[in-house]
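Report on the following structure.
What follows draws every value from the coordinates through simple rules; no lab data is involved. Just so you know, these numbers come straight off a predicted model, no measurement behind them. As a convention, Cβ positions derive from the backbone with ideal geometry for all residues, glycine included, and neighbour counts pool all protein chains shown.
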Amino acid sequence: MPTVNPAIKPFGMGAMLVVAGLALAGCAGNEAVKGVAEAAGMATTPQESKNFVKETRPGELEYVPVGSAITRNAPRKPVDDFKKLEAQLEAKRTANEAAGNTARELGTTPPPEPAKIPTN
């Protein structure tokens, strides 16, 4: 019956953690580790953008950084627009309730009687 040496299990787990750490280090900006990861095929260098991407992408991207306190002026909608939207939503709710009531009434019709088989 084979026996398992308990001293080998921690070594195997440690080796797996080291390999995973090195693989993830390939994503880091450190050129020494990244060079090794690229040579092993676990990391790649970014490719040059295609021409149509360069032509359509603006030169300066205007992203707002995550977690920043930068605000922008957003025009407020007039109160009349909200009243119109509220009236449209209320009309849609009424129409949906009417359709639901019609469906409920149609669902209460009794089922048809089973077909009668002629006896000869």
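Can you give me the Cα centroid spacing of segment 95-120 and segment 73-87 in angstrom?
Value for the Cα centre distance between the two parts: 45 Å.
So which trypsin sites (Lys or Arg not before Pro) in segment 63-104 pass both tests, a DSSP loop state and at most 14 other Cβ atoms within 10 Å of the Cβ?
Those satisfying the criteria are Arg72, Arg76.
At Asn73 and Leu17, where each label point lies 7 Å from the Cα along Cα→Cβ, what is the point-to-point distance in nanometres?
If labels sit at Asn73 and Leu17, their model points lie 5.6 nm apart.
Under a crude label model (7 Å from the Cα following the beta-carbon direction), how far is Thr119 from Glu55 in nanometres?
For Thr119 paired with Glu55, the spin-label model returns 8.5 nm.
DSSP loop chymotrypsin sites (Phe, Trp or Tyr not before Pro) in segment 30-120 with at most 16 other Cβ atoms within 10 Å of their Cβ, which ones?
Loop-located and lightly packed - Tyr63.
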